[in-house]
Ligand code: SF4
């Protein structure tokens, strides 16, 4: 059996990346490059839809961008100077080609393609209602709900129908849509998932992260604001709409700063790399320890480890070497071989570690499986003390906004307090950055508990939206509910 998560790297996974180009001769080729830069946001499937002024063209496939879109013939078939694309893990809906985006439908107004990053948290209720009213769904994706709401809307123009549909959905959505009239990019009123706008010559570009602009040589203009809907029409004319009126304070996902975004991206106006270094410095102030070396769990722990080292004065060293040749797609190992997986991906730099007291820095602990193995690996390599420091608060709650979280009962911090977690992973000490420290590293003086500046629900349980699909937030098992077939 093939799997894309060969050795359970024990991370929350961002579910999707989106990229759109309006007004470039080579739009599809640029989208392929942009999606390649966003591959870390989703590795199960990729798709591109283009518009050539007369027809829409789509290619969707399971697997990576490279391998599916490095073929000249496929890019040639995706003709036109307007295109959008998507990379995904599965948030909702099974992993199957029919769920791969962009989704496309023929509406009364013409073709409509949609690429969605996020998760509609009332999709099951809406879907039940739509099915009762006669809708026939082609996929199990939450995104298709938006298409059906749009198709049924009584408003006259496509834009008004689209806004009518969005006003009925709850949760997180950053969207790039293609219509015969142009491109629409928008972000939910809370701005939970990111979306940024750039320019290359006369072409307008939208992407989940600024790193995708760098790859195609585009210039970052600004983020799409929470609750903003931007329409790009012929000639690259931009119109910004605020269809939701007065919206509550935005609450973008704080985990973008901790782990999801690439360190070379700008998120919410801040350099992700600088923020991660700042989190490491906060950790050093809040949870100092006497040690010989600061060692990151690669690659995601590196910036925070540099910050911890610079603040504490303890030398930074690469005590764990990561193999870059382990594929994302790998034959599922049997149980006896599975535990070797961590060693295949990470190996101890024994000559450096032997006889040393070390501080290990990682970005998060989800189930604790990798932390346990890495601490053991450090001890086997001769470390005399292993102190674990985590560059986020304990992850205690599930995410409902487009992030693959294990069911809550499997989150180590949901089951145990910090002392129990420390004993479980066999570390000499364990500490997490405080929620206040995390906010400070992002540039806030403190967390506003009445109206938080970010979504931090996986740490605090303070969800920014109602969750009408779920009867009891306290008891919810997100994955079981989301995977329930509702037709
Ligand atoms: Fe991000 Fe956590 Fe909020 Fe999900 S619950 S959007 S991962 S901060």
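The values are calculated or read from the model by the stated rules, or taken from the named source; none is laboratory data. None of the values given here were measured: they were computed from a predicted structure. Here the Cβ is made from the backbone with ideal geometry for all residues, glycine too, and neighbour counts use every protein chain on show.
Quick one: what pairs do we get from region 343-361, first residue part of a loop (DSSP other than H, G, I, E, B), second surrounded by fewer than 19 Cβ atoms within 10 Å (Cβ to Cβ) and modelled with pLDDT under 95, C-beta under 9 Å, 6+ apart or different chains?
Matching pairs, first to second residue: 349/321.
Report the residue count in region 229-258 for those that are assigned to a loop (DSSP other than H, G, I, E, B), touching a strand residue (DSSP E or B) at 6+ places or on another chain (Cβ under 6 Å) and away from the ligand (no atom under 16 Å from the Cβ). Talk me through it step by step, then tell me what you get.
Of region 229-258, the ones assigned to a loop (DSSP other than H, G, I, E, B) are 242-252, 254.
Among the residues that remain, those that are also touching a strand residue (DSSP E or B) at 6+ places or on another chain (Cβ under 6 Å) are: 243, 251.
Add one more test, that the residue is away from the ligand (no atom under 16 Å from the Cβ), and what stays is 243.
Final tally of qualifying residues: 1.
One line per residue, one yes/no per condition, for (1) assigned to a loop (DSSP other than H, G, I, E, B); (2) within 23 Å of residue 384 (Cβ to Cβ); (3) out of contact with any helix residue (DSSP H, G or I) (no Cβ under 7 Å at 6 or more places or on another chain):
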{"residue": "275", "(1), (2), (3)": "no, no, no"}
{"residue": "281", "(1), (2), (3)": "no, no, no"}
{"residue": "284", "(1), (2), (3)": "no, yes, no"}
{"residue": "289", "(1), (2), (3)": "yes, yes, yes"}
{"residue": "299", "(1), (2), (3)": "yes, no, yes"}
{"residue": "314", "(1), (2), (3)": "yes, yes, yes"}
{"residue": "318", "(1), (2), (3)": "yes, yes, yes"}
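Just one of the numbered conditions (1) in a helix (DSSP H, G or I); (2) surrounded by 17 or more Cβ atoms within 10 Å (Cβ to Cβ) is not true of residue 226; which one?
Among (1) in a helix (DSSP H, G or I); (2) surrounded by 17 or more Cβ atoms within 10 Å (Cβ to Cβ), the lone unmet condition for residue 226 is (1).
Counting only residues that are part of a loop (DSSP other than H, G, I, E, B), under 19 Å from residue 174 (Cα atoms) and touching a helix residue (DSSP H, G or I) at 6+ places or on another chain (Cβ under 8 Å), which one in region 13-48 is modelled with the lowest pLDDT?
15
Counting residues that are within 16 Å of the ligand (Cβ to nearest atom), at pLDDT 95 or above and outside the structural domain of residue 280 (by TED's automatic domain parsing), which helices (runs of 4 or more DSSP H) fully inside region 407-460 reach at least 1?
Per the criteria, 457-460.
Please go through region 259-270 and give me each residue that is surrounded by 15 or more Cβ atoms within 10 Å (Cβ to Cβ) and either away from the ligand (no atom under 16 Å from the Cβ) or under 14 Å from the mean Cα position of the chain (by Cα) (or both), ordered by number. Explain how you work it out, then say what you get.
In the first step, residues of region 259-270 are kept if they are surrounded by 15 or more Cβ atoms within 10 Å (Cβ to Cβ); the result is 259-263, 265-268, 270.
Listed by number, the residues that qualify are 259, 260, 261, 262, 263, 265, 266, 267.
Considering only region 112-196, give the helices (runs of 4 or more DSSP H) lying wholly within it that have at least 1 residues that are within 25 Å of residue 50 (Cα to Cα) and touching a strand residue (DSSP E or B) at 6+ places or on another chain (Cβ under 7 Å). Please lay out each step first, then the result.
On the way: elements: 123-132, 144-152, 158-166.
The qualifying helices (runs of 4 or more DSSP H) are 144-152, 158-166.
Among 83, 113, which is buried (at least 17 other Cβ atoms within 10 Å of the Cβ) and touching a helix residue (DSSP H, G or I) at 6+ places or on another chain (Cβ under 6 Å)? Show your work before the answer.
Values: 113 fails: touching a helix residue (DSSP H, G or I) at 6+ places or on another chain (Cβ under 6 Å).
Of the residues listed, the single one that is buried (at least 17 other Cβ atoms within 10 Å of the Cβ) and touching a helix residue (DSSP H, G or I) at 6+ places or on another chain (Cβ under 6 Å) is 83.
Table: residues versus (1) surrounded by fewer than 17 Cβ atoms within 10 Å (Cβ to Cβ); (2) closer than 17 Å to residue 36 by Cα; (3) within 16 Å of the ligand (Cβ to nearest atom).
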position: 201; (1), (2), (3): yes, no, no
position: 205; (1), (2), (3): no, yes, no
position: 214; (1), (2), (3): no, yes, no
position: 217; (1), (2), (3): yes, yes, no
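Please work out if residue 275 is buried (at least 18 other Cβ atoms within 10 Å of the Cβ), touching a residue at least 40 places away in the same chain (Cβ under 8 Å), in contact with a strand residue (DSSP E or B) (Cβ under 6 Å, 6 or more places away or on another chain) and assigned by TED's automatic domain parsing to the domain that holds residue 345. Even if it seems obvious, please write down each step before you answer.
Numbers: buried (at least 18 other Cβ atoms within 10 Å of the Cβ): yes; touching a residue at least 40 places away in the same chain (Cβ under 8 Å): yes; in contact with a strand residue (DSSP E or B) (Cβ under 6 Å, 6 or more places away or on another chain): no; assigned by TED's automatic domain parsing to the domain that holds residue 345: yes.
No.
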